[in-house]
1. Given the criterion of a type in the set (Ser, Thr, Tyr) and in contact with a helix residue (DSSP H, G or I) (Cβ under 9 Å, 6 or more places away or on another chain), identify the matching residue among Thr36, Thr78.
2. Of all residues in region 10-42, how many are surrounded by 13 or more Cβ atoms within 10 Å (Cβ to Cβ) and either more than 22 Å from Ser90 (Cα to Cα) or hydroxyl-bearing (Ser, Thr, Tyr) (or both)?
3. I want to confirm something. Restricting to region 61-73 and keeping residues that are out of contact with any strand residue (DSSP E or B) (no Cβ under 7 Å at 6 or more places or on another chain) and under 23 Å from Arg25 (Cβ atoms), which single residue is most open to solvent (accessible area, probe 1.4 Å)?
4. Any residue in region 46-75 that is under 15 Å from Ser123 (Cβ atoms) sitting within a Cβ distance under 9 Å of a residue that is among the acidic types (Asp, Glu) and open to solvent by 20 Å² or more (accessible area, probe 1.4 Å)? List the pairs, counting only those 6 or more apart or interchain.
5. Give region 76-88 a look and list any residue that's open to solvent by less than 40 Å² (accessible area, probe 1.4 Å) and either free of Cβ contacts under 8 Å to residues at least 40 places away in the same chain or touching a Cys at 6+ places or on another chain (Cβ under 7 Å) (or both), or say none.
6. Taking Gly91 as the residue in question, decide whether it is within 14 Å of the chain's Cα centre (by Cα), modelled with pLDDT of 95 or more, under 22 Å from Thr12 (Cβ atoms) and not acidic (Asp, Glu).
7. Restricting the search to region 89-111, which residues are outside any strand (DSSP E or B), surrounded by 13 or more Cβ atoms within 10 Å (Cβ to Cβ) and of a type outside the set (Ser, Thr, Tyr)?
8. Being open to solvent by 20 Å² or more (accessible area, probe 1.4 Å), in contact with a Phe, Trp or Tyr (Cβ under 7 Å, 6 or more places away or on another chain) and either within 19 Å of Ala22 (Cα to Cα) or not in a helix (DSSP H, G or I) (or both), is that true of even one residue in region 112-120?
Amino acid sequence: MSYPATFELPTTDQLTDLLTSAYFRHMLRDDILPRTVESGDPLSVFLVDIDSLSGINTTYSHQVGDRVIADIAHALKTTLPDGAVLARYSGDEFAGALPDTRLDDAFTLAEEFRRRVIELKWSEAPDLRLTCSIGLAAFPTN
């Protein structure tokens, strides 16, 4: 069996259609941060961890777990403004960069997303309620 000499890593996650964590880090390091430093425009970044997501697959099913992750990604995409760079960072973590967004505006967006996560419901798991933890950082810091 022969393997190709090189191969390309995927840039998007199949389940969520968000960027992969590797591609997100690449974009942040090689594109977003250099442009932000050069322009001096604000940049906010965030990391979202869905609380207690690990038990969904065993309690309900992998199909329900996948649906939950896809619905969370959809809520993220529809809450954040155009220009946001979003990624599925790991199984239950999501990350994003918000160019031209100051920390106070990022906090407002994060709170809106957190409320949307709490309101999500699934017919296959009517008793399932999710919460999330969100970390924010901003540049410049003043």
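1. The conditions single out Thr78.
2. 9
3. Top of the filtered list is Ala70.
4. Going by the 9 Å Cβ cut-off, the qualifying pairs are Tyr60/Glu124; Ser61/Glu124; Gln63/Glu124; Val64/Glu124; Arg67/Glu124; Ala70/Asp17.
5. Thr79, Leu80, Ala84, listed by residue number.
6. When the stated conditions are applied, Gly91 does not pass them.
7. Within region 89-111, Asp92, Asp100, Arg102, Leu103, Asp105, Ala106, Phe107, Leu109, Ala110 qualify.
8. no
The values are calculated or read from the model by the stated rules, or taken from the named source; none is laboratory data. Just so you know, these numbers come straight off a predicted model, no measurement behind them. Please note: Cβ atoms are built from the backbone with ideal geometry, for glycine as well, and neighbour counts cover all protein chains shown. Note: accessible area is taken over every heavy atom of the protein model, side chains too, but ligands, DNA and RNA are not part of it. Shrake-Rupley method; radii C 1.70, N 1.55, O 1.52, S 1.80 Å.
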